[in-house]
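For reference, the structure is listed below as structure tokens.
The values are calculated or read from the model by the stated rules, or taken from the named source; none is laboratory data. What you see is a predicted model; the values in this text were computed from it and never measured. Every residue, glycine among them, receives a Cβ derived from its backbone with ideal geometry; neighbour counts consider all protein chains shown.
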């Protein structure tokens, strides 16, 4: 595999069931078998989004390189989630999760179909994504939007609990 075959991806990881920090650590090990992890953010504790979450989430973002297509990568992430006990067919939307893996951005491409939207359709509205994303990419721009400015705006309009973990 040459560098020409590799695509830069950003993946969000989240968990709020069982020992979430340990789950994220184990998920990173599994991901490293499939993609080349370049950087990983700290873990951030955040409140759940929506009415179905009962416990705080632990979230982080990684930057990686892969030769998988976006759809192949999506299937890899679904498989890893399932290995950690996630069943997308029975869980509630915005409910508690053992492991949630989202492709946030894939080589700066824009796409939107029934299986996948890139960049992730909600990432610009989620403090728990933008904070760790900026930690590893301080100058990041998504859809021509300055992520650091977007985060400042979100923090002004939303009362939201987020705490960087040691």
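Structure values in brief
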quantity	calculated
Selection from segment 27-70 of residues that are part of a loop (DSSP other than H, G, I, E, B) and farther than 20 Å from residue 162 by Cβ	33, 34, 35, 67, 68, 69
Subset tally (residues that are surrounded by fewer than 15 Cβ atoms within 10 Å (Cβ to Cβ) and either in contact with a strand residue (DSSP E or B) (Cβ under 9 Å, 6 or more places away or on another chain) or outside any loop (DSSP other than H, G, I, E, B) (or both)) for segment 106-121	8
Out of 136, 80, sole residue that is within 20 Å of residue 30 (Cβ to Cβ), surrounded by 15 or more Cβ atoms within 10 Å (Cβ to Cβ), more than 13 Å from the chain's Cα centre (by Cα) and modelled with pLDDT of 90 or more	80
Residue 42 surrounded by 14 or more Cβ atoms within 10 Å (Cβ to Cβ), under 13 Å from the mean Cα position of the chain (by Cα) and more than 16 Å from residue 105 (Cβ to Cβ)	yes
Flag if residue 73 is in a helix (DSSP H, G or I), out of contact with any helix residue (DSSP H, G or I) (no Cβ under 7 Å at 6 or more places or on another chain) and buried (at least 19 other Cβ atoms within 10 Å of the Cβ)	yes
Flag if residue 23 is modelled with pLDDT of 90 or more, assigned to a strand (DSSP E or B) and touching a strand residue (DSSP E or B) at 6+ places or on another chain (Cβ under 8 Å)	no
